[in-house]
Amino acid sequence: MITIKSHFLKQLISSCFDLFPILAVISIFQLFVIQQPIPNVAEMLLGTLLIVLGLTLFIQGLELGLFPIGEAMAYAFAKKGSVAWLLAFAFSLGFATTVAEPALIAVADEAARVVAAGGIIEATEESQESYAFGLRMTVAFSVGFAILIGVLRIIRGWPLHYLIISGYVVIVAMTPFAPAEIIGIAYDSGGVTTSTITVPLVTALGVGLASAIKGRNPMLDGFGLIAFASLTPMIFVMVYGMLL
């Protein structure tokens, strides 16, 4: 218990140092460039305190919960020796974590609103909800597929850079043929998938799997799944735009 408290205090101090550059930049530009006082100082300080506390608790949760769970499940599946179940778990994990991503939900809703305003879909609540839902499912499916390919790469020992280069070649080749309205959304969708929920679990899965498979190096083979999760949504969302 004492160890947990000590670690929490250390992480709290670390979070303060992590946020300090952001606060310094905002304060300097507000006071010396814009030359206006900082509005609602009390609310800003309270918000900063909540951010520090939230960031500290989030990192503690990752270290105590998500990372051990992800590594333990990957290790258990590897020891079970069933590639089919391992791939099914990888796809399901990628899909489920992405569907729950707050950043993806926000971007999908905003994209639906902008697309409706541009006259591409009907400006009705039902049409916007349908568009946002379809976009979320497309991105979630693409991330599930990406994690599946990434896990297969770890198992087979495929070079990471060949797969990444091939993926971006496909993206570049598809871009001229995709609707102009969907290209920006497609490119941004790769970023919103690598957020607070997906990254910890997927990283833990890769490291745990590479640690459990004989002949694999966790440093060389365990990382790289996030790169796939950033790449495939661009391809799938452009296809989604073409189909619509």
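The values are calculated or read from the model by the stated rules, or taken from the named source; none is laboratory data. This is a predicted model, so every value here is computed, not measured. Positions of Cβ are generated from backbone atoms using ideal geometry, with glycine treated the same way; all protein chains shown enter the neighbour counts. The protein model used for the area step is the full one, side chains on, heavy atoms only, and it has no ligands, DNA or RNA in it. Shrake-Rupley method; radii C 1.70, N 1.55, O 1.52, S 1.80 Å.
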GluC sites (Glu not before Pro) within region 35-126, DSSP loop, no more than 14 other Cβ atoms inside 10 Å: Glu122
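Sorted by mean Cβ packing within 10 Å, highest first, what order do the peptides 206-212, 137-143 take?
Working: 206-212: 22.3, 137-143: 24.4.
So the order, starting with the most tightly packed, is 137-143, 206-212.
For region 85-244, what is the relative contact order in percent, using Cα pairs closer than 8 Å and at least 6 residues apart in sequence?
On the way: 218 pairs, mean separation 52.0, N = 160.
Over region 85-244, the number comes to 32 percent.
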Under the rule of -39500 (n - 2.57) per DSSP H run of 4 or more residues, summed and divided by the residues of the chain, what mean residue ellipticity at 222 nm is obtained, to the nearest 500 deg cm²/dmol? -26500 deg cm²/dmol
Just how much of Tyr187 is accessible, in Å², when a 1.4 Å probe is used and the result is rounded to the nearest 10? 100
Going by the alpha-carbon gyration tensor, a ≥ b ≥ c the square roots of its eigenvalues, is region 113-176 rounded (a/c under 1.5) or, if a/c is not under 1.5, prolate (a/b greater than b/c) versus oblate? oblate
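Quick check: net charge around Ala204, other residues with Cβ under 13 Å of its Cβ, Lys/Arg +1 and Asp/Glu -1? Please report the intermediate quantities before stating the final value.
Values: positive: none; negative: Glu63, Glu71.
It works out to a net charge of -2.
Accessible area, 1.4 Å probe, largest first: how do Leu87, Leu64, Leu104 sort?
Details: Leu87 35, Leu64 120, Leu104 5 Å².
Largest accessible area first, the list is Leu64, Leu87, Leu104.
Quick check: from the Cα gyration tensor, does region 7-51 come out rounded (a/c under 1.5), prolate or oblate?
Details: a/c = 5.33, a/b = 1.93, b/c = 2.76.
Verdict is oblate for region 7-51.
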Classify region 106-244 from the C-alpha gyration tensor, please: rounded if a/c falls under 1.5, else prolate or oblate depending on whether a/b exceeds b/c. prolate
Among [x] -0.28, -0.36, -1.10; [y] -0.32, -0.41, -1.11; [z] -0.25, -0.33, -1.08, which one is log10 I(q)/I(0) by the Debye sum over Cα atoms at q = 0.07, 0.08, 0.15 Å⁻¹ computed from these coordinates? [y]
Hits among aspartates and glutamates - C-alpha to C-alpha of Lys79 under 15 Å, sequence gap 8 or more where chains match: Glu71
Compute the accessible area per residue over the chain, keeping the other protein chains in place, probe 1.4 Å, unit Å². 56
Could you pull out every one of the aspartates and glutamates with an alpha carbon less than 19 Å from that of Lys5, ignoring same-chain neighbours closer than 8 positions? Glu63
Cross-link partners of Lys80 among lysines (Cα-Cα below 19 Å; sequence separation of 8 or more within a chain): Lys214
When the accessible area of the chain is computed with all protein chains present and a 1.4 Å probe, what percentage of it is carbon and sulfur? 72
